[in-house]
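Notes for the one structure printed next.
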Amino acid sequence: MKTLKKILFWFLVSFAVIQFIPTDKVNKPVDHKVNFVDVKKTPPKIMELIKGACYDCHSDETKYPGYAYVAPISWSVKSHINEGREHLNFSIWGKYNQDLKKSMLEKSIQTLRNKTMPMPGYIVYHKEANLSQAERILLAQYFEEMIKSKTY
């Protein structure tokens, strides 16, 4: 019993200590001259879908939920956001070259169709990101039209 108490004690001490390891949750200011929804003058319904399902991980407009402030969960959340921004950051859309924009749109269409984005684990805690099949089709069609008309 003493061993169990010691393990529990050190677990709680460790948990408390790791709360002091900072995770940067400060978003960069958004330049509306290069932000996707501003540059593309995105229709309201499309903007609602993109912001609800994509922007938390793929922009500089992340809204961190309460659980993102508790280590070690905060480390995982920040890692996912950093990775998402590396693949596509809607906040700097206007800075990407044409080939990269086309590639990102194609990848976005693919992930919408395959239902690999938004990530299933994200959808559990963010119901607004749980796109219906019709919403996935609408968003994919919007991106396809951009590719077809070369207005990316």
Query - Magnitude of the charge dipole, the chain, Cβ model with Lys/Arg +1 and Asp/Glu -1, debye to 20 - result: 300
Report task. Report the percentage of all Cα-Cα pairs in the chain whose separation exceeds 21 Å, rounded to a whole percent. Result -> 51
Query - Between 0 and 90°, nearest 10: helix 44-53 axis offset from the chain longest Cα axis - result: 30
**Report entry** Which of 38, 56 is most accessible, then next, and so on - probe 1.4 Å
**Finding:** 38, 56
Query raised in the report: What do you reckon, how do 31, 99 stack up by accessible area (1.4 Å probe), largest on top?
Result: 99, 31
Query - Along principal axes, Cα extents of segment 85-152, largest first, whole Å - result: 34, 24, 16
**Report entry** In sequence order, calculated HN-Hα J values of segment 122-135 (Karplus, 6.51, -1.76, 1.60; Hz; x Gly/Pro)
**Finding:** 6, 4, 4, 9, 9, 4, 5, 8, 7, 5, 6, 4, 5, 5
Query raised in the report: Can you tell which of 62, 151, 1 lies farthest toward the positive end of the dipole of the chain, using +1 and -1 charges on the Cβ of basic and acidic side chains (Lys, Arg; Asp, Glu)?
Result: 1
**Report entry** Relative contact order %, segment 1-133, counting alpha carbon pairs below 8 Å whose residues are six or more apart
**Finding:** 28
Requested in this report: Sequence neighbours fewer than 8 away in the same chain don't count; with that in mind, list the aspartates and glutamates whose C-alpha is under 19 Å from residue 45.
Outcome: 56, 61, 128, 135, 144, 145
**Report entry** Mean residue ellipticity (222 nm) of the chain, computed from DSSP H runs ≥ 4 via -39,500 (n - 2.57), nearest 500
**Finding:** -17500 deg cm²/dmol
Requested in this report: Note down, for segment 71-119, the three equivalent ellipsoid semi-axes (square root of 5 times each alpha carbon gyration tensor eigenvalue), biggest first, whole angstrom.
Outcome: 23, 16, 6
Requested in this report: Calculate the length of the line joining the C-alpha centroid of segment 102-152 to that of segment 1-66, in whole Å.
Outcome: 20
Query raised in the report: Between their Cα atoms, which of 28/95; 25/78; 40/150 are more than 18 Å away from each other?
Result: none
Query raised in the report: How far is helix 73-87 tilted off the main Cα axis of the chain, in degrees rounded to 10, range 0 to 90?
Result: 20
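The values are calculated or read from the model by the stated rules, or taken from the named source; none is laboratory data. The structure presented is a predicted model; accordingly, all values stated were derived computationally and were not measured. Virtual Cβ from ideal backbone geometry, glycine too; neighbours counted across all protein chains shown. Surface accessibility is based on the protein's heavy atoms, side chains included, excluding ligands, DNA and RNA. Shrake-Rupley method; radii C 1.70, N 1.55, O 1.52, S 1.80 Å.
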